[in-house]
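Note sheet for the following structure.
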Amino acid sequence: MIKASMLDFARTGRMGPIHCGLPREDLRKLLGDPPNWAAPASSASRAKLWRYGDVEFHFFDLQNVGMIFSDHDNLADGGDTLCLDPWVIQKELPRAQFEADLAGVGIDFVFVHPAFDPSQSIILTIAKVNFLFIEKQESFGPPPGLCSWSITEPPSVPA
């Protein structure tokens, strides 16, 4: 079992030894075979997404972790093999509270309003971890507050 903290993740972009760029087989060695993976792959070894609890690991090139992501009900549930201390991370956490929490532990961040949806905002930490917030509930939309987090490794550019 790997133990990690969402506080450390916000600060460093790492979940203990797990990070973007980690080879698929190294992730398997750390967490074991994924309990869930994305269809239509017939096996986990060919899947572009592995899921441990409510945490997803995306493989853009099928070789290395390209994104770590969660938008599920329990944003800090890593399943049976990734034990995450949630720190303050929970669905519907108000953005103002999260900003105060980050400031309180000395984590630098920027506030971004995505052009694609003015009802959303993003807190981007110095470690490039994105925390997506719903600012205003639209009809039939999710409630205000924290709704997802992610970190993405930029794609490599061929030489």
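Considering only residues that are at pLDDT below 95, farther than 19 Å from Ala76 by Cα, not in a loop (DSSP other than H, G, I, E, B) and not hydroxyl-bearing (Ser, Thr, Tyr), which ones fall in the stretch 25-60? Scanning the stretch 25-60 gives Ala44, Arg46.
Residue by residue, here is whether (1) hydroxyl-bearing (Ser, Thr, Tyr); (2) out of contact with any helix residue (DSSP H, G or I) (no Cβ under 6 Å at 6 or more places or on another chain); (3) within 26 Å of Ile126 (Cβ to Cβ); (4) surrounded by 14 or more Cβ atoms within 10 Å (Cβ to Cβ) holds:
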| site | (1), (2), (3), (4) |
| --- | --- |
| Met15 | no, no, yes, yes |
| Gly21 | no, yes, yes, no |
| Arg46 | no, yes, no, no |
| Asp80 | no, yes, no, no |
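Give the residues of the stretch 59-78 that are out of contact with any His (no Cβ under 9 Å at 6 or more places or on another chain), surrounded by 13 or more Cβ atoms within 10 Å (Cβ to Cβ) and in contact (Cβ under 8 Å) with a residue 24 or more places away in the chain, sorted by residue number. Residues satisfying the conditions are Phe59, Phe60, Asn64, Ser70, Asp71, Leu75, Ala76, Asp77, Gly78. Selection within the stretch 13-58: residues that are touching a residue at least 60 places away in the same chain (Cβ under 8 Å) and at positive phi. The member of this set that is nearest to the chain's Cα centre (by Cα) is Gly13.
Kindly indicate whether any position in the stretch 86-107 is modelled with pLDDT of 95 or more, touching a Gly at 6+ places or on another chain (Cβ under 8 Å) and under 17 Å from Pro17 (Cα atoms). Within the stretch 86-107, none of the residues are modelled with pLDDT of 95 or more, touching a Gly at 6+ places or on another chain (Cβ under 8 Å) and under 17 Å from Pro17 (Cα atoms). Residues in the stretch 1-13 that are among the charged types (D, E, K, R) and either surrounded by fewer than 17 Cβ atoms within 10 Å (Cβ to Cβ) or assigned to a strand (DSSP E or B) (or both): Lys3, Asp8. The criterion of being in contact with a helix residue (DSSP H, G or I) (Cβ under 9 Å, 6 or more places away or on another chain) and farther than 21 Å from Thr152 by Cβ holds for Gly106. Inspection of the stretch 109-132 finds a residue satisfying the criterion of being touching a Leu at 6+ places or on another chain (Cβ under 6 Å), closer than 21 Å to Tyr52 by Cβ and surrounded by fewer than 18 Cβ atoms within 10 Å (Cβ to Cβ).
The values are calculated or read from the model by the stated rules, or taken from the named source; none is laboratory data. Just so we're clear, the structure is a prediction, and the values are computed from it rather than from any experiment. Here Cβ is always computed from backbone atoms with ideal geometry, including for glycine, and neighbour counts include all displayed protein chains.
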